[in-house]
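Reviewing the structure listed below.
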Amino acid sequence: MTEKKILSETLRKDQHLIWHPFTPLVGAEMPLSIVKAEGIYLYTEDGRKILDGIASWWVNLHGHSHPHIANAIFEQAQKLEHVIFAGFTHEPAVKLAERLLAILPANQSKVFFSDDGSTACEVAIKMALQYWYNLGETQKTEIIALQGAYHGDTFGGMSVAERNLFNRPFVEKLFDVHFLPFPACYRVACCAGKRNNPSCISAKATIQTMHKLAETGKIAAFIYEPLIQGAAGMRMYSSEILDELLSIAQKYEILCIADEVMTGFGRTGKLFASEYCSQKPDIMCLSKGITGGTMPLGVTTCTEKIISAFRSAEKTKTFYHGHSYTANPLACAAANANLDLLLQQETLQKIFQITQMHANFEAHIRFQKAVAEARSLGTILAIELKSEQATSYFNDMSKEIYRYFLQRNLLLRPLGNVLYVMPPYCIESSELEWIYQEIEQFLQQKI
């Protein structure tokens, strides 16, 4: 048998027909052809069984092909697969809105449906800007975000995100945004930067910049990923700092937008990361885990305060935004089935168990020579590896890390030199221990 692999029909056609996300057209690894998935495992066309340690881009909560969610989609498909959501409604959407508002912070009062995380953020940005427009506050048009932010790949989402290779070709078309220094204080609750270690000093600069911008009276909204920035390398910051930023925003009547696309539905150890803060957002963005990883769906929620600026018969005050598949009944049915599973005591206990195991492993490997920093929050474990290059999504270590673990049938797709684990909640303790063992062996090789 020759070393050159004979491509299957699926892979051969893929090479000619499909353009994959975040993937160069030259020099990229051959994709793996997946024929089925069950629980935490992916099964390839050539017979491999791969553990999905990142929940397939952070969306899968309860394992692949979960029968409860699959049956909910099947039953809904036989009754109503889709209907225009302008002028019509349906029970799955109403039920989902009711259930979401019951578990979100109490100030959230209305639900707007869209298609994914990026559109959920796009809706939030437009909603916040039009809120001030409807009130006639023409000076409040500017937005604050955090350095390192990622809020999707639509133009509004790119505008409020870190300027980097992701959006460099479009920079001249993006609207200007004020970026706060990232508050790097994570491990020690530093009371909003009152201590003098380097992390607290960075947090103090964040708060001072927030004050300075807020005082201009021009800021319409502050958008943030609460407690953890996913795409930036699972960077974490404390709830004390975020609470201080939210307090400043509220003092100066700046709308607060919590992008919980990644952090929602239990990922941080609580149902929503915003629960760690005493101050609550005006607008929230949800997606990823909302359907348990089965179908695309985005949700933007807001307070009665926001709604009041749109509650008018004047056409100029209508929120003119929508998508062809807004509130798709199949996606809503999947989301409702996901909530059935998520809110079970068994699932909440699994989230707690993963949280504890991650914290223990983090403490175990934190001071190993190959580790620059280890951090964990809820079901998210991140290990920043030492590198001659800057810590970044574009760090060249990414390919080495990815290949190493994939050869061992573990899907751990790093963010540059940041290796992370974010498994479905159904993972067994023995499977999580296996991941830890393979990570530790990798770290030993890097010494």
Conditions (1) within 19 Å of the chain's Cα centre (by Cα); (2) under 16 Å from LEU443 (Cα atoms): number failed by ILE351: (2)
Boolean, ALA327 is closer than 26 Å to LEU100 by Cα, of a type outside the set (Ser, Thr, Tyr) and in contact (Cβ under 8 Å) with a residue 40 or more places away in the chain: yes
Please state which one of GLY152, GLY156 is on the phi > 0 side of the Ramachandran plot and surrounded by 15 or more Cβ atoms within 10 Å (Cβ to Cβ). GLY152
Can you find even one residue in segment 120-129 that is in contact (Cβ under 8 Å) with a residue 12 or more places away in the chain, touching a strand residue (DSSP E or B) at 6+ places or on another chain (Cβ under 7 Å) and charged (D, E, K, R)? no
Exclusive hit being modelled with pLDDT of 95 or more, closer than 30 Å to TYR393 by Cα and out of contact with any helix residue (DSSP H, G or I) (no Cβ under 9 Å at 6 or more places or on another chain), set ALA149, ALA106, ALA102: ALA149
What number of residues within segment 407-447 satisfy the criterion of being in a helix (DSSP H, G or I) and of a type in the set (Ser, Thr, Tyr)? 3
Anything in segment 47-77 that is of a type in the set (Phe, Trp, Tyr) and surrounded by 13 or more Cβ atoms within 10 Å (Cβ to Cβ)? List them, or say none. TRP57, TRP58
Go through segment 372-394 and report how many residues are within 29 Å of GLU428 (Cα to Cα) and in contact with a strand residue (DSSP E or B) (Cβ under 6 Å, 6 or more places away or on another chain). 9
Per the filter on segment 180-206, residues in contact with a Leu (Cβ under 9 Å, 6 or more places away or on another chain), of a type in the set (A, V, I, L, M, F, W, C) and either at pLDDT below 90 or within 13 Å of SER239 (Cα to Cα) (or both) are ALA192
Among the residues of segment 374-401 satisfying the criterion of being farther than 19 Å from THR355 by Cα and either among the basic types (Lys, Arg) or surrounded by fewer than 17 Cβ atoms within 10 Å (Cβ to Cβ) (or both), which is farthest from the chain's Cα centre (by Cα)? GLU388
Check off (1) touching a Phe, Trp or Tyr at 6+ places or on another chain (Cβ under 9 Å); (2) among the small types (Gly, Ala, Ser); (3) touching a residue at least 60 places away in the same chain (Cβ under 8 Å) for SER376 and give me the number that stays unchecked. (3)
Restricting attention to segment 103-116, does a residue exist that is among the charged types (D, E, K, R), in the same structural domain as GLU253 (by TED's automatic domain parsing), touching a Gly at 6+ places or on another chain (Cβ under 6 Å) and more than 22 Å from SER308 (Cβ to Cβ)? yes
Return a yes/no flag: does segment 274-293 have any residue that is over 18 Å from LYS110 (Cβ atoms), touching a strand residue (DSSP E or B) at 6+ places or on another chain (Cβ under 9 Å) and touching a residue at least 60 places away in the same chain (Cβ under 8 Å). yes
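The values are calculated or read from the model by the stated rules, or taken from the named source; none is laboratory data. Worth saying up front: this structure is predicted, and the values here are computed from it rather than measured. As a convention, Cβ positions derive from the backbone with ideal geometry for all residues, glycine included, and neighbour counts pool all protein chains shown.
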